[in-house]
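The values are calculated or read from the model by the stated rules, or taken from the named source; none is laboratory data. Everything numeric here is computed off the predicted structure, so don't read it as measured data. Cβ: placed from backbone, ideal geometry, glycine included. Neighbour counts: every protein chain shown.
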């Protein structure tokens, strides 16, 4: 009986919340009341001038720009208290001992945010804003975002996204709180200005997560392949498709055997395909693997750092993921495999045509194999250099150290 009553109460509470979010006036009242209540609790708390709080995409683990900034802080031996807000289901074992972990959805996380001098993230602080968090004037909020030269539209450029009034209000609050935006190109700076609200103080420093592409990654290849028991002499084809809103799978129909045979014929060596799924479709990996039914595919979706996978790859294949635009910096072969380009463009939208990228655009297996056979390294590198120049890229492998210098001088 108690369980039934509790279930009905939760259902009622959920319906009330949805009703509240649908009313714009009540939205304002709700957010204001939460902010006022939390401010009352935290306003007299002292700010720790040597504390930095990191959040990676709503509580994810050790990765993206935040990871590589932390690594550089530790490498330089700087005296900062490093705090990472993380969901309970993430892997804590990969964090260095210098980082203190705090449950993302906890009162302690709100306390850490309210008492830290520096707040550094790669996504909105939506959860905390809804809980009432508002940055104090003396705090510094740095937004690094999580894409590079990305072709997919973001934020208010995405069709239908701003129809959610509550989401829009929270996104605006987040933008207004942001003191500095970290960019790696003229292109990204322009997107910041038009896709977000109240954007100020864009710093062209580069993205720390991309520093890895300017280093010798020989050991990294052994680390990645060793983790999955794969012979380290194998060549790596990294396949990283993005998700579809309707979760359809027919667009991921790469012929693995034919792909590997073509790669072996063109480049030599023995090849293996590493499959990395977008987090939105990670729960579909069994369906993915069953459709490939092939021992030349290794599922690396759970690997903790996507940048290490990208840096290890000998070639990369994607559709619309911004990761392949990070991969550009390696100047190694990249290919677009997009069977549903027109449909995806109408649903999500592109900032520029795929045909304006350095990559060969392939809509079926025949075209993909032909593109690999016809690949010309010199022409490809020339296209990559031209693309990076047109986008105004300033990536040079020193983004993390430049950002630390910037923080130290604030």
Q: Please give the number of the condition residue 349 fails out of (1) exposed (fewer than 15 other Cβ atoms within 10 Å of the Cβ); (2) modelled with pLDDT of 95 or more; (3) in contact with a helix residue (DSSP H, G or I) (Cβ under 7 Å, 6 or more places away or on another chain).
A: (2)
Q) Mind checking which residues of region 354-372 are without any contact (Cβ under 8 Å) to a residue 60 or more places away in the chain and either over 22 Å from residue 252 (Cβ atoms) or part of a helix (DSSP H, G or I) (or both)? A) 355, 356, 358, 366, 367, 370, 371
(Q) Residues that are closer than 24 Å to residue 92 by Cβ: list the helices (runs of 4 or more DSSP H) wholly contained in region 219-315 that include at least 2 such residues. (A) 306-312
Q) For region 100-148, how many residues meet the condition of being part of a strand (DSSP E or B), over 27 Å from residue 204 (Cα atoms) and in contact with a strand residue (DSSP E or B) (Cβ under 6 Å, 6 or more places away or on another chain)? A) 3
Q: For residue 154, indicate whether it is within 18 Å of the chain's Cα centre (by Cα) and within 20 Å of residue 408 (Cα to Cα).
A: no
Q. Checking residue 244 against (1) touching a residue at least 60 places away in the same chain (Cβ under 8 Å); (2) within 17 Å of residue 314 (Cα to Cα), which single condition isn't satisfied?
A. (2)
(Q) I want to confirm something. Restricting to region 373-410 and keeping residues that are out of contact with any helix residue (DSSP H, G or I) (no Cβ under 8 Å at 6 or more places or on another chain) and in a loop (DSSP other than H, G, I, E, B), which single residue is surrounded by the fewest Cβ atoms within 10 Å (Cβ to Cβ)? (A) 409
Q) Going through region 171-190 one residue at a time, which ones are in a helix (DSSP H, G or I) and touching a strand residue (DSSP E or B) at 6+ places or on another chain (Cβ under 6 Å)? A) 177, 189
Q: Select, from 281, 317, the only residue that is surrounded by fewer than 22 Cβ atoms within 10 Å (Cβ to Cβ) and in contact (Cβ under 8 Å) with a residue 24 or more places away in the chain.
A: 281
